[in-house]
Amino acid sequence: MNLSEFERDAICELVNIGIGRAARSLGKMVDDRVLLTIPAIELVEHVDVEAMLTSQTDSTLTAIRERFSGAFQGDAFLVFPEKHSLELVRSLLDEETPIETLTDLEQESLLEVGNIVLNACLGTFTNILSCRLDIDLPVLCCGSIGNILGARATSENTIYMVMRIDFTTQRKMIKGYLVFLFDSEFTTTFLAQIDSYITKNQ
Amino acid sequence: MSDPSKYTTGEVDALLHQGIDKADIGYIVIDKDTRVLVWNKWMEHASGRLQGDALNRPLAEIFPEIRDSRLEDAISNALERGMAGLLSAKLHRAPPLTLRRGDGGIARLTNPVIILRPLSGIETDRHGCLIQIIDETNSATREKTLRAQAITLRAQEEQLRTLFEAINDTVLLLDENGHIVALNDTACLRLSGTKPDILGRSFFDLLPTPNALTYRRYFNAVIDSRTPQRFEDTLGDGTYLVSMYPVPNGQGRIQRIAVLASDITERKLFEKRIFHLAHHDALTGLPNRAYLLDRIEHAINVAGRTRRRVGLVFLDLDHFKAVNDTMGHDSGDALLKTVANKLTSVVRASDTVARMGGDEFVILLEPAGQDQDIARMMERIIAALDLRWGTGADTVRVTTSIGVSVFPDNGNDARLLMKAADTAMYAAKSEGRNRFQFFSEEMTIRTLKRLHLERELREAVPNDEFIVHYQPKICFESNLICGAEALVRWRHPERGLLAPSEFIPLAEDTGIIVEIGEWVLERVCKQIAEWLKVGRAPLSIAVNVSPRQLFSNNFVDFVTKCLERYQVPLKFLQIEITENAIMSDLAKATLILLKLRHLGISIAIDDFGTGYSSLSYLSRLPIDVIKIDRSFVAGLADRNENLEIINAIVSLGRSLKMIVVAEGIETIKDVNVLTEACCHLGQGYLFAKPMAVADLEKWLDAKGYLGDCWGCKKRIDGDLLDDQGLKKLCR
């Protein structure tokens, strides 16, 4: 399954609207210390996801996962290489805290960031597509991409919608990825809805 | 029939409501317009607002601060889009909700976590939202404390690490097997490696074997004794002060050993330098007195055990003062350095040459051989130190007098040996210098005798033990008496009458000569006055004056006063000074003699021909009389020895219009020879011995003495002079 260039741009645009909201929200909280942008979107297969996300030397990943259900069903992930995730929290908290001493409290902060970003994206989808989603609380998971994506990742023909997300902080640009994994039949539903939205607005 | 044990739905609902009410977290349920539907007891406590006061109010009314906040966003997300939300206190500048504990409202909820859950209504438009508030203040505080501690510890560790690296000394931490666990940069430098190379290796493997053995020994000692160890070690060119400390692991076991090595090379050099400065003479670099004494004691200890001899050699340069006085101190210093070098090159490596100060040197011969071996070395030293110092006319011959003492023969400690060598050296000097002398017991006896004599001599003037003897002089032309020489004698209470040779040198050395000389002068003046008083024709008397007396401050004054007191005419007094006394300080002597001459006192130069006076000076000196030394007269008659010298002196004297006197005349043959040589006057046993006044007077009476002949003096001017003319001559 492929996204047409047009579809790709549309989704990217949608998500960027949501991300804008998320950035505003974060900015309010942390004195505008962070900028968010979504430069790219891809529909990829399992193997490629792994290649994309673990291209860094550090193959341990940190992810914030939110389960969504309703009009379409699946999981949304905000994924960082582990070090980057902590780096992000440090930047947001503006603390000189050494990475090794990050604790539950910081993990909560990370969860909230994930909650904001993922809710912003998913919220945009529901707004634009005029549908309703029930979105669960964010959950933190660590480990390899396999650990994070869970059993469903084994399915060969699962399609992932992957977006790179850049957090530009005062110190550095931290790369993260937004991954949307729809339960088998809902990928098509989602894309169909996107298509109908595009058609409607053309 | 329903199960009686099963709770009814109503009962369960009641329990559920009660459970929610009593839960330890805050429960708020709001409707789609954010009006409060549920407000549990925890919320009552936390907000201070009772349930009745909260229910049905919009949340923003209860908490105005949530307007336009992230919490409001999250609530609207939950209500409008069904999104769960999570707010962590950490990320927010201000707490999302201002809550206080109900009890007194003191403790703020600093770290609440707020979790929002959308709730679906039975009718889709009648949904709501559950807000749960979890207080994490306690855990957060604990965590904060822990983190602060961690930061402090880390800071301390970094400080220590910085210090560790900043230390210029070598610092290592070893494990119980001697493997390097940590080391600083200085240690890397010393061990010539990089940290990754060195870490984990055995410290002892990195050291040269002998050093490794030393370190290993102390390392084991630290582990065994659990106490620090300290030692000095030399590695390469450097000297290190090494300290090893046991580092307990907190449970009493020694698992680490700290090794500190300070480079003390410079300090060692400095200490060496200080030691050298304290123990050596600055001018010559030779060991000084203090150091020498140490060495002597040490040498004696060793020699005592090994039954060997140790020699102590005292050296004193002859005439060093002359060099210093005539050529200046720089030249004197240069001479001392030369002597130091020569001595060092002559002695053996095992011997020690030291400078005592001034022109005194000491050599410690260790070991010393037999006396003949020592004697051979002394001869070499004397030869080496027989120097011509200076250039041209200023050249001075420098020689050395040496005294030698030997352990164990002459003493068994440094003090005795030094004293003995010193005594021997003085003996060598009085033997005529430029020689060496072994110490002997006789020297001590002589020294003691001398000390005894000195004590007696000091008492002799107050005790009135001196008397004056007079030896007449005879004119060869008229065969008449022409004055006499006054000679002092010591009537020693035990030893009888002593000749000048037995006490004058000592009197010279000790300065008593001045006192004796003054006594003699006064005695002579008194005698002349007495003769005049009793109407006896007085002799003109020549009085011997020692250099010390001559150069004493008030000599001319003393003579003047003496003559005045006894009202003695000047022509009756003559002062006799030895040639050497004049030459020892020519300028000063000339000045004094001129003053005397100006007064009208005639001057005789004694012992002429024995010194090294320059004849050109002689012509300019205010001298009336030359006395030829007795050594030229002795043997004159038998062998005509020294005849040329006598002739030369007489013709010199005559041409300078001086009266020439020959001393020590014993035979008539002497008289003939001297008359032949045209000598004016003579004195000696042939005519008369020196006599006490009473004997002299008898002798004069027997000769029909009527006054000095003065013939020779008249002859000098070519014709006979009256008293007036004579006076002129004397001046």
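The values are calculated or read from the model by the stated rules, or taken from the named source; none is laboratory data. This is a predicted model, so every value here is computed, not measured. Cβ atoms come from the backbone with ideal geometry, glycine included; neighbour counts cover every protein chain shown. Just the protein is used for accessible areas: all its heavy atoms, side chains included, with ligands, DNA and RNA removed. Shrake-Rupley method; radii C 1.70, N 1.55, O 1.52, S 1.80 Å.
Data table
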read-out	value
Test: residue in segment B:405-421 that is open to solvent by 10 Å² or more (accessible area, probe 1.4 Å) and of a type in the set (A, V, I, L, M)	yes
Top-ranked residue of segment B:31-72 - restricted to ones that are within 14 Å of chain A (Cβ to nearest Cβ) and touching a residue at least 12 places away in the same chain (Cβ under 8 Å), ranked as farthest from A:L122 (Cα to Cα)	B:E65
Number of positions in segment B:111-134 that are in contact with a helix residue (DSSP H, G or I) (Cβ under 8 Å, 6 or more places away or on another chain) and either away from chain A (no Cβ under 12 Å) or not β-branched (V, I, T) (or both)	10
Positions within segment A:48-104 being in a helix (DSSP H, G or I), more than 19 Å from A:M29 (Cα to Cα) and at pLDDT 65 or above, in sequence order	A:D48, A:V49, A:E50, A:A51, A:M52, A:L53, A:E82, A:K83, A:H84
Total residues in segment B:327-348, condition over 22 Å from the mean Cα position of the chain (by Cα), open to solvent by 30 Å² or more (accessible area, probe 1.4 Å) and more than 18 Å from B:D316 (Cβ to Cβ)	3
Matching entry among B:D351, B:D373 (being open to solvent by less than 40 Å² (accessible area, probe 1.4 Å) and without any contact (Cβ under 8 Å) to a residue 40 or more places away in the chain)	B:D351
Matching entry among B:R267, B:R273, B:R307 (being under 30 Å from B:A187 (Cβ atoms) and loosely packed, with under 12 Cβ neighbours inside 10 Å)	B:R273
Condition check for B:D294: closer than 25 Å to B:N434 by Cβ and out of contact with any Gly (no Cβ under 8 Å at 6 or more places or on another chain)	no
Some residue of segment B:514-534 being assigned to a strand (DSSP E or B) and closer than 30 Å to B:G704 by Cβ	no
Any pair with Cβ under 8 angstrom, 6 or more apart, that starts in segment B:522-535 at a residue that is without any contact (Cβ under 8 Å) to a residue 40 or more places away in the chain and ends at one that is hydroxyl-bearing (S, T, Y)	B:A529/B:Y566
Some residue of segment B:192-214 being farther than 17 Å from B:I257 by Cα, open to solvent by less than 50 Å² (accessible area, probe 1.4 Å) and of a type in the set (G, A, S)	yes
Segment A:21-47: number of residues that are at pLDDT 70 or above, part of a helix (DSSP H, G or I) and either away from every other protein chain (no Cβ under 13 Å) or open to solvent by 60 Å² or more (accessible area, probe 1.4 Å) (or both)	3
Any hit, segment B:469-484, residues being open to solvent by 50 Å² or more (accessible area, probe 1.4 Å) and within 49 Å of the chain's Cα centre (by Cα)	no
Residue that is modelled with the lowest pLDDT, among those in segment A:105-120 that are open to solvent by 10 Å² or more (accessible area, probe 1.4 Å) and at the interface with chain B (Cβ under 7 Å from one of its Cβ atoms)	A:L105
Pairs where the first residue, in segment B:146-166, is open to solvent by less than 100 Å² (accessible area, probe 1.4 Å) and the second is assigned to a helix (DSSP H, G or I), C-beta under 8 Å, 6+ apart	B:R147/A:T101; B:A150/A:T101; B:E165/B:D185
Hits in segment B:559-618 - residues which are on the phi > 0 side of the Ramachandran plot and either open to solvent by 50 Å² or more (accessible area, probe 1.4 Å) or assigned to a strand (DSSP E or B) (or both)	B:Q567, B:D607
Residue in segment A:123-135 that is open to solvent by 40 Å² or more (accessible area, probe 1.4 Å), assigned to a strand (DSSP E or B) and either at pLDDT below 80 or within 10 Å of chain B (Cβ to nearest Cβ) (or both) present	yes
